[in-house]
Amino acid sequence: MEILEGKKYLITTYGCQMNLHESEKLAGILTSLGMTDCESEQEADIIVFNTCCIRENAEERAEGNIGALKQLKKKKKNLIIAVGGCMTQQKSYAEKLHKTFPFVDIIFGTHNLEDFKNLLLLKLNGKKTVVDVRDKEGAIIEGTPKTRTSYPNAWVNITYGCDNFCSYCIVPYVRGRERSRQMSDVIAECESLVKEGYKEITLLGQNVNSYGKDLENTDFATLITEISKIDGEFRLRFMTNHPKDLTEGLVKALAASPKVCKSIHLPVQSGSDKILKLMNRRYTRKDYLDKIRLLRSYIPDIAVTTDIMVGFPQETEEDFADTVALVKEAGFAGAFTFVYSLREGTPAAKMDGQIPAEVSKDRIMRLIDLQNSLNREYSKSYNGKTVCILCEGYDEKKDKFLGRDVYGRMAYFDGTPDLIGKFINVKITETGGISLVGKIV
Ligand code: SF4
């Protein structure tokens, strides 16, 4: 497509690491057509929105930003605007978007991202609006070019989709059934990343620890073990995990693999058995706490982080108290806390006992206060310690360089750009909330 040579693209991403990595694939496709990225909508010839529908506020932000382009599109007739991702994978939403924002040129879903070049071709060949949202996930497509934007970190998909059907979650409906990449493809990608100089690889999936259940003779423990054998200096992380799939065999493999970081993200969502059942999480609070004990029996200093939701339908003050008690008992190194967001089409949306916003707000504030005080306590244990940090970049606002240790704790320090991508020793001098400040030693 010579017509695109030298043109500029801008991709805006909403949501999680999965989406950020998918935007790297969209960028890879556009780069392979001779385009380069740019910083502003005014400069761009193609603007892509990669959307998320997990929570209402991500949808509202995306809609606001798409709507704001109406005037620009009037001035710049050849500008191409594309919207894809989880929001538009819902056909009814794609239709609504088409009607509300008729100036959008391409609408696609999650199942045909790899086909973006062909969608673009249809538009360039004169089709007024290209709307292509597929019902079914196809086979995994290997070899899509990627323009990575997060050196020295690299994301590697190992599974797509999810089979868990937690009752509040839209993901299984917009990402399809769980599919695992072949182990040889994952290892080949990791090997080439290490050769290219990436220092941290994060394996991605909605539920990485059930990797391989649709393949023969492999599982996540085997994959982790094999990736750890790759020669070179790098760290291995993975996200996200489902507690029900965290087996002793996997924990042993994590403990035995020196490349694996000493941190795990293990979403609990609630400390109440009643709510966990309504959420269809398929574990009890005891099961969850047993998994933490199991992890610590093999890796005593492992940092466990979690996701917690408040305000799920029928959550009483007693249920919330169970969550608070679990947070105190589990000793999380960090937690992402959310208010339940009703997603149409999920079983939870039809449940009785939806919780008023002000009740949820009060609970989330109390939970955040608790987790903040636990974060401060956890951070205090770093005071005066020297930790090995992978320098990841520079934070303009703080005017400091930053990076994480093997436990996933972020540290800020003075440095120079040549440190990015290097492992350095930093002595921690200040501990605040979730992050640390130190000096290179
Ligand atoms: S495990 Fe549950 S919360 Fe996570 S993506 Fe699957 S359905 Fe959603």
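The dipole here belongs to the chain: it is taken about the Cα centre, uses +1 on the Cβ of Lys and Arg and -1 on the Cβ of Asp and Glu, and is about 380 debye.
Across the stretch 363-375, rounded Karplus estimates of 3J(HN,Hα) from the backbone phi angles (6.51 cos²θ - 1.76 cosθ + 1.60, θ = phi - 60°) give 5, 5, 5, 5, 5, 4, 4, 5, 5, 4, 5, 5, 4 Hz, Gly and Pro being marked x. Here the mean projected area of the convex hull built on the C-alpha positions of the chain is 21.5 nm². Residues whose amide H comes within less than 5 Å of that of Thr306, counting only those at least five positions distant or on another chain, are Leu266, Gly334, Ala335, Phe336 (H built at 1.01 Å from N in the peptide plane). When Val130, Val441 are compared by accessible area at a 1.4 angstrom probe, the order from most to least is Val441, Val130. When the inverse distances between all different Cα atoms of the stretch 294-441 are averaged and flipped, the Kirkwood radius reads 17.5 angstrom. Shown for the chain: the carbon plus sulfur share of the solvent-accessible area, taken with all protein chains present and a 1.4 angstrom probe, equals 52%. Note that the stretch 150-261, at 4 °C in a medium of 1.567 mPa s, gets a Stokes-Einstein diffusion coefficient of 90 µm²/s from its Kirkwood radius over C-alpha pairs. For the stretch 386-440, the Cα-based Rg and Dmax, in that order, read 9.7, 28 Å. Tell me, for the chain, which Cys residues have no other cysteine's C-beta sitting closer than 4.7 Å. So far as the 4.7 Å Cβ criterion goes, Cys16, Cys38, Cys52, Cys162, Cys190, Cys261, Cys388, Cys391 stand without a partner in the chain. When the surface is traced with a 1.4 Å probe over the full set of protein chains, Tyr394 keeps roughly 110 Å² accessible.
For Thr147, the shell of other residues with beta-carbons less than 11 Å away shows a net charge of +1, using +1 for Lys and Arg and -1 for Asp and Glu. Over the C-alpha atoms of the stretch 2-132, the Rg to Rh ratio, Rh being the Kirkwood estimate, stands at 0.92. Summarised in one figure, the compactness ratio Rg/Rh of the stretch 37-110, Cα atoms and Kirkwood Rh, is 0.95. Couplings 3J(HN,Hα) of the stretch 192-202, computed from phi: 5, 5, 5, 4, 6, x, 5, 10, 9, 10, 10 Hz, in residue order, whole Hz [Karplus 6.51 cos²θ - 1.76 cosθ + 1.60, θ = phi - 60°; x for Gly and Pro].
Converting phi to 3J(HN,Hα) with the Karplus coefficients 6.51, -1.76 and 1.60 and the offset θ = phi - 60°, the stretch 311-316 yields x, 5, x, 6, 5, 8 Hz in sequence order, with x at every glycine or proline. Accessible surface ranking for Met309, Met183, 1.4 angstrom probe, highest first: Met183, Met309. Counting Lys and Arg as +1 and Asp and Glu as -1 over every other residue whose Cβ lies under 12 Å from the Cβ of Lys77, the net charge comes to +2. Taking the alpha carbon gyration tensor of the stretch 264-380, multiplying each eigenvalue by 5 and rooting it gives semi-axes of 25, 17, 11 Å, largest first. In the context of the full set of protein chains, residues of the stretch 386-440 present 50 Å² of accessible surface per residue (probe radius 1.4 Å, heavy atoms only).
Accessible surface for the stretch 20-133, divided over its residues, is 43 Å² per residue with a 1.4 Å probe.
The stretch 22-61 and the stretch 282-348 have Cα centres separated by 33 Å. Rolling a 1.4 Å probe across the protein heavy atoms gives the stretch 150-261 an accessible surface of 36 Å² per residue.
The values are calculated or read from the model by the stated rules, or taken from the named source; none is laboratory data. From a predicted model like this one, the values you see are computed outputs, not experimental measurements. Cβ coordinates were reconstructed from backbone atoms using ideal geometry, including for glycine residues, and neighbour counts include every protein chain displayed. Calculation scope for accessible area: heavy atoms of the full protein, side chains included, ligands and nucleic acids excluded. Shrake-Rupley method; radii C 1.70, N 1.55, O 1.52, S 1.80 Å.
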